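One structure is given here, and the rest of the page talks about it.
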Amino acid sequence: MDFILNKEIIARLVDTAKTYADNAYCPYSGIAVGSALLCSDNIILGGCNIETGDYASPSFAAGDTAIAKAISEGYNQMLALCLYSKNHLIYPNATTRQYLCEFNGDIKIIVANDQTYEVIDGLSSIYLFPPVINDGVQTEE
């Protein structure tokens, strides 16, 4: 499906993801991440990261929570995913990438913070390993 991502849609997705970042539970990393997933019918669903201190229990990446919400609500045509964090550019982690491959490997991905944003044109264009920020913490969620 051909989908054109314009500045208006990007702004809506970033604003939605920013709102959801406020709901993040991130006592361990201190990095709140929000997500916004644009689905068919112009529906935008949001999510946030949820961390746990128990190594046996998984944490949930922001993208994962939005994807789970979309599937549980009956939306499996995913057009664009935005990940937002205040100070970092957060890239989809391996689990989020796998979920996206299941539904639309050509999905547009926006990574954004308060200073800038980057548009990634499909999963084949994304880094195998995300960039590292100055303090050595990977920016992958």
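Only the coordinates and a few stated rules stand behind these numbers; no lab work does. Values in this document were obtained by computation on a predicted structure and should not be read as measured data. Because the Cβ atoms are built from the backbone with ideal geometry, glycine has one as well, and the counts that use them run over all protein chains shown.
Helix-only estimate, please: 222 nm mean residue ellipticity of the chain, summing -39500 (n - 2.57) across DSSP H runs of length 4 or more and dividing by its residues, to the nearest 500.
Taken over the chain, the calculation gives -8000 deg cm²/dmol.
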When 8, 102 are arranged by how many other beta-carbons sit within 10 Å of their Cβ, fewest first, they go 8, 102
Taking other Cβ within 10 Å of each residue's Cβ, how do 51, 73 sort, fewest first?
-> 73, 51
Neighbour cut-off at most 15 other Cβ (10 Å), DSSP loop, trypsin sites (Lys or Arg not before Pro), segment 30-120 | 86
Dmax and Rg, reported as Rg then Dmax, of the chain (C-alpha, Å) | 13.8, 42
Using label points projected 7 Å from each Cα along Cα→Cβ, tell me how many nm separate residue 5 and residue 42, to one decimal.
-> 2.0 nm
What is the extension gain from residue 51 to residue 124, computed as 0.36 nm multiplied by their sequence separation minus the C-alpha to C-alpha distance, in nm to one decimal?
-> 23.5 nm
